[in-house]
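Okay, structure first, notes after.
The values are calculated or read from the model by the stated rules, or taken from the named source; none is laboratory data. Just so it is clear, the model here is predicted, and its values are computed rather than measured. Positions of Cβ are generated from backbone atoms using ideal geometry, with glycine treated the same way; all protein chains shown enter the neighbour counts.
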Amino acid sequence: MGNKSIGLSIPNIEVEPILNNLKECLESGWISTGGRFIPEFEGKVAKYVGVKEAVGVQSGTAGLHVALRVLGVKKDEEVLVPTLTFIAAVNPVTYLGAEPVFIDCDKSFCIDPIKLEEFCAKECEIREDYLYNKKTNRIIRAVVVVHVFGNMADMERIIEIARKYKLKVLEDATEGLGTKYTEGKYVGKYAGTMGDMGVFSFNANKIITTGGGGMIVSSNDELLQKARFLSVQAKTDPLYFIHDEIGYNYRMLNLQAALGTDQIDRLESFIETKIKNFNRYKEAIDNIEGLTLVPFNDGIRANHWFYSVLVEKEKYGLNKDELLRKLVDCNIQTRPIWGLIHEQKPFVNNEAYKMETSIYYHERILNIPCSSNLSEEDVDMVIEKLKEFKQNV
């Protein structure tokens, strides 16, 4: 039992139906950027999140890149981004020659609407219908909102702020597929569907996977069709290969979609298991002094993609890095939160506004196993070790 390896977030794949789909791809010759599974998967995702249409792409990063371009981000402009996120939420800003400006997080790990509004009000001004950064004299075109670990950012506040300050809203819902509001202005709305555009990811560690792959959604059909056009090399005339713009080879593969059509059908059962396991962890961790299983926001049904434990050394006796090493030595895969993006080498000279909460969490948060096929025995094994490693302080 002690030698069993428990992964952090591993794919939950039912082999038989996927093998049948892949066999069809191989036998028909449709293995690349054409074939029936792509529109089928796009249609299923669109229906699930309640939008008319979705555009499949090769990764969440590709989706973010295309979406930022469609939203009008240009060279020498700025985009407001969180620092507590995976770097893929920020890198695409630079692909377009724009500069990220980093905003702190709140207790949800998501971008802090209070600091977002404060930055816009105090550090910027509206001129000629655009928001300008007074320090750099650059136009700030958009804000990227990441639904971190499947929690929901405060979209009511953020969209209000964005409209007031002339900002486009791109929702990075790469971790948030299935998270939705259960109350408030956006009741019933899913993460990714409230901003101007939203992007999902189907990377191997996400709640559903296609190996790689991503999806762009928008309620604005014009923006969505522009994204589709750019993702297939911007072919104005596909028969005669006429290209009036620079496009990208970002189309989702039929092989990826062949996995996705089955995975999306199982999403609700995955979320159900994740919630059950989260609650099992919580009941036990509530009784371990110095550890807190960080809750998801009220007013939402979160997908519970990742579970975050706050480690307080003063009470637990170990810091998060010491606990991480002990768990890894027991073949229990855990990971720290990402390195804060404003501290990464490519971005150290970019503006970072009032960093406090993100630094606090970076020093104390550990992600523990959360796969949708995690057994109760696995959860109990992790809990047992968390209890065992507590020091007398």
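Yes or no: region 322-343 includes at least one residue that is touching a residue at least 12 places away in the same chain (Cβ under 8 Å), over 24 Å from the mean Cα position of the chain (by Cα) and closer than 23 Å to Lys107 by Cα.
The answer is yes; a qualifying residue exists.
Give region 251-273 a look and list any residue that's over 17 Å from Glu14 (Cβ atoms), crowded, with 24+ Cβ neighbours inside 10 Å and not aliphatic (A, V, I, L, M), or say none.
Once the filter is applied, which keeps residues that are over 17 Å from Glu14 (Cβ atoms), crowded, with 24+ Cβ neighbours inside 10 Å and not aliphatic (A, V, I, L, M), region 251-273 yields only Asn254.
Taking Lys326 and the conditions (1) closer than 30 Å to Asp380 by Cβ; (2) buried (at least 20 other Cβ atoms within 10 Å of the Cβ); (3) of a type outside the set (Gly, Ala, Ser), which numbered condition does it fall short on, given that it satisfies the others?
It fails just one condition, (2).
I'd like the residue in region 204-220 that is part of a loop (DSSP other than H, G, I, E, B) and within 28 Å of Lys168 (Cβ to Cβ) and, out of all such residues, is nearest to the chain's Cα centre (by Cα).
Filtering region 204-220 for residues part of a loop (DSSP other than H, G, I, E, B) gives 204-209, 218-220.
With the extra rule that they be within 28 Å of Lys168 (Cβ to Cβ), the set shrinks to 206-208, 218-220.
Values: Lys206: 9, Ile207: 11, Ile208: 12, Ser218: 16, Ser219: 19, Asn220: 21 Å.
Within region 204-220, the match that is nearest to the chain's Cα centre (by Cα) is Lys206.
Evaluate the following for Ala162: is it modelled with pLDDT of 95 or more, assigned to a loop (DSSP other than H, G, I, E, B) and of a type outside the set (Val, Ile, Thr)? Lay out the reasoning, then the answer.
Values: modelled with pLDDT of 95 or more: yes; assigned to a loop (DSSP other than H, G, I, E, B): no; of a type outside the set (Val, Ile, Thr): yes.
It is false that Ala162 is modelled with pLDDT of 95 or more, assigned to a loop (DSSP other than H, G, I, E, B) and of a type outside the set (Val, Ile, Thr).
Taking interchain pairs and intrachain pairs at least six residues apart, which have beta carbon atoms under 6 angstrom, with the first residue in region 348-367 and small (Gly, Ala, Ser) and the second in a loop (DSSP other than H, G, I, E, B)?
From residues that are small (Gly, Ala, Ser), the pairs are Ser358/Thr83; Ser358/Leu84; Ser358/Asp104; Ser358/Leu340.
Looking at Phe86, Phe37 in this structure, which one is out of contact with any Leu (no Cβ under 9 Å at 6 or more places or on another chain) and of a type in the set (Phe, Trp, Tyr)? Before you say what the answer is, go through the steps one by one.
Values: Phe37 fails: out of contact with any Leu (no Cβ under 9 Å at 6 or more places or on another chain).
Answer to the check: Phe86.
To keep it simple, each residue is scored yes or no on (1) among the aliphatic types (A, V, I, L, M); (2) surrounded by fewer than 15 Cβ atoms within 10 Å (Cβ to Cβ); (3) in contact with a strand residue (DSSP E or B) (Cβ under 9 Å, 6 or more places away or on another chain).
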| residue | (1), (2), (3) |
| --- | --- |
| Leu19 | yes, yes, no |
| Glu24 | no, no, no |
| Ser32 | no, yes, yes |
| Arg36 | no, no, no |
| Glu42 | no, no, yes |
| Tyr48 | no, no, yes |
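Limited to region 28-58, what total is found for residues that are assigned to a loop (DSSP other than H, G, I, E, B) and touching a Gly at 6+ places or on another chain (Cβ under 7 Å)?
So the first thing to find is which residues in region 28-58 are assigned to a loop (DSSP other than H, G, I, E, B), and the list is 29-36, 50-53, 58.
If we keep only those that are touching a Gly at 6+ places or on another chain (Cβ under 7 Å) too, we end up with 58.
Count: 1.
Tell me, which residue of region 221-250 that is surrounded by 15 or more Cβ atoms within 10 Å (Cβ to Cβ) and modelled with pLDDT under 95 is farthest from the chain's Cα centre (by Cα)?
Initially, region 221-250 is screened for residues surrounded by 15 or more Cβ atoms within 10 Å (Cβ to Cβ), giving 223-224, 226-235, 247-248, 250.
Filter again for modelled with pLDDT under 95, leaving 232-235.
On the way: Val232: 24, Gln233: 25, Ala234: 26, Lys235: 30 Å.
Applying the filter and picking the extreme gives Lys235.
What strands (runs of 3 or more DSSP E), lying completely within region 71-130, carry at least 3 residues that are buried (at least 22 other Cβ atoms within 10 Å of the Cβ) and of a type outside the set (Val, Ile, Thr)?
Passing ranges, in order: 78-82.
Would you mind stating whether Ile285 is surrounded by 19 or more Cβ atoms within 10 Å (Cβ to Cβ), in contact with a Pro (Cβ under 7 Å, 6 or more places away or on another chain) and in contact (Cβ under 8 Å) with a residue 24 or more places away in the chain? Outline the logic, then answer.
Numbers: surrounded by 19 or more Cβ atoms within 10 Å (Cβ to Cβ): yes; in contact with a Pro (Cβ under 7 Å, 6 or more places away or on another chain): no; in contact (Cβ under 8 Å) with a residue 24 or more places away in the chain: yes.
So Ile285 fails the test.
Is it the case, given these coordinates, that Pro113 is under 19 Å from Leu223 (Cβ atoms) and either in contact with a strand residue (DSSP E or B) (Cβ under 8 Å, 6 or more places away or on another chain) or modelled with pLDDT of 95 or more (or both)? Let's see the steps before the verdict.
Working: under 19 Å from Leu223 (Cβ atoms): no; either in contact with a strand residue (DSSP E or B) (Cβ under 8 Å, 6 or more places away or on another chain) or modelled with pLDDT of 95 or more (or both): yes.
So Pro113 fails the test.
Give the residues of region 148-159 that are in a loop (DSSP other than H, G, I, E, B) and in contact with a strand residue (DSSP E or B) (Cβ under 7 Å, 6 or more places away or on another chain), sorted by residue number. Please lay out each step first, then the result.
Keep residues of region 148-159 that are in a loop (DSSP other than H, G, I, E, B), which gives 151-154.
Matches in region 148-159: Met152, Ala153.
Restricted to region 8-55, and to residues that are of a type in the set (Asp, Glu) and modelled with pLDDT of 95 or more, which residue is farthest from Ile264 (Cα to Cα)? Outline the logic, then answer.
Quick first cut of region 8-55, residues of a type in the set (Asp, Glu) only: 14, 16, 24, 27, 40, 42, 53.
Narrowing further to those that are modelled with pLDDT of 95 or more: 40, 42, 53.
Numbers: Glu40: 11, Glu42: 10, Glu53: 15 Å.
Here the answer is Glu53.
If you go through region 183-203, how many residues are farther than 25 Å from Leu374 by Cα, in a loop (DSSP other than H, G, I, E, B) and in contact (Cβ under 8 Å) with a residue 12 or more places away in the chain?
Looking only at that region, the number is 11.
Residue check: is Asn12 without any contact (Cβ under 8 Å) to a residue 24 or more places away in the chain, outside any strand (DSSP E or B) and polar (S, T, N, Q)?
Details: without any contact (Cβ under 8 Å) to a residue 24 or more places away in the chain: no; outside any strand (DSSP E or B): yes; polar (S, T, N, Q): yes.
The answer is no for Asn12.
Please go through region 156-179 and give me each residue that is surrounded by fewer than 20 Cβ atoms within 10 Å (Cβ to Cβ) and in contact (Cβ under 8 Å) with a residue 60 or more places away in the chain, ordered by number. Let's see the steps before the verdict.
As a first pass, look at region 156-179 and keep what is surrounded by fewer than 20 Cβ atoms within 10 Å (Cβ to Cβ): 156-157, 160, 163-164, 166.
Once the filter is applied, which keeps residues that are surrounded by fewer than 20 Cβ atoms within 10 Å (Cβ to Cβ) and in contact (Cβ under 8 Å) with a residue 60 or more places away in the chain, region 156-179 yields nothing.
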